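**Q** This structure is in structure tokens; I'll ask about it shortly.
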Amino acid sequence: MDMASTFIVPLLVALTTALVTSLVALRNFRRERMWDLKVETYDSIFAALYDFYEFFRKQVQSEVFDDLDEEELEAEKESYNEASYYLGSILFTGEFIIHPKAVKELEELNRNLQLKEPGFLENLLPGHKRYKFYKAQKSLVSESTDRLRIIAKKDLKAKWASS
């Protein structure tokens with residue numbers, strides 16, 4: 001009996017320690033993996049926002065200087081469409097990866113990006129409506145990006161996140 005307790009008690013302690021250590025390691029791995037996934041997702045979101053911003057910046061520049069050739073315009077439209085597709089895929093997954101506030105901000109931005117530019121006849125009217133439209137859309141993307149930075153920092157629990 002004394003020999004059995006000499007082996008059984010240390011064996012039970014070792015098994016319990018191994019089990020607890022494994023569970024803690026698994027929990028930490030899952031947290032780290034989720035954090036990595038969040039970082040990747042936010043990084044891709046900001047890349048898409050940059051593409052939106054650049055599209056509208058170049059459209060504003062083109063309205064002022066009329067210097068955007070067809071090839072550049074097609075490249076910008078392609079980048080815009082890819083960013084739009086990515087934004088749609090993020091909204092489809094919703095709150096699974098990113099913070100609910102980020103999803104709401106992106107939904108609002110997506111709604112506003114669906115606005116169509118003024119038509120040809122409206123462009124002939126005084127006031128440069130296309131220029132104003134592109135400038136407003138560029139500002140919209142910039143403001144949304146600023147709000148998303150704050151949300152992402154808090155979501156990632158970054159030490160430098162502003163309150």
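Nothing in this text is a laboratory measurement; each read-out follows from the coordinates by a stated rule. Everything numeric in this text was worked out from a predicted model, so none of it was measured. Glycine gets a Cβ as well: all are built from the backbone with ideal geometry, and neighbour counts include every protein chain shown.
**Q** Which longest uninterrupted range of the chain lacks any trypsin sites (Lys or Arg not before Pro) assigned by DSSP to a loop state (not H, G, I, E or B) and surrounded by at most 15 other Cβ atoms within 10 Å?
**A** 1-115
**Q** A further question on this structure: Give me a comma-separated list of calculated 3J(HN,Hα) values for segment 96-112, in order, Karplus coefficients 6.51, -1.76, 1.60 applied at θ = phi - 60°, integers in Hz, x for any Gly or Pro.
**A** 4, 10, 9, 4, x, 5, 5, 4, 4, 4, 5, 5, 4, 4, 4, 4, 5
**Q** Run the helix sum for the chain: -39,500 (n - 2.57) per DSSP H stretch of 4+ residues, divided by residue count, reported at 222 nm to the nearest 500 deg cm²/dmol.
**A** So the helix-based figure for the chain works out to -29500 deg cm²/dmol.
**Q** While we're here: Quick one: helix 129-155 against the long Cα principal axis of the chain, what's the angle to the nearest 10°, folded into 0 to 90?
**A** For 129-155 against the chain, the angle is about 10 degrees.
**Q** Let me ask you something else. Relative to the first principal axis of the alpha-carbon coordinates of the chain, what is the inclination of helix 70-93, with its axis defined by its Cα atoms, in degrees from 0 to 90 and to the nearest 10?
**A** 40
**Q** Want the number for GLU71 to LEU26: 0.36 nm per residue separation, take away the alpha-carbon distance, what's left?
**A** 11.1 nm
**Q** Tell me which lysines have Cα within less than 23 Å of LYS132's Cα, excluding those fewer than 8 residues away on the same chain?
**A** LYS58, LYS77, LYS116
**Q** In nm, to one decimal, how far is the modelled label at GLN114 from the one at PHE96, with both set 7 Å along Cα→Cβ?
**A** For the pair GLN114/PHE96, the computed spacing is 2.1 nm.
**Q** While we're on this one: Against the longest principal axis of the chain, how steep is helix 2-65, in degrees 0 to 90 to the nearest 10, with axes from Cα atoms?
**A** Once rounded, one gets 0 degrees.
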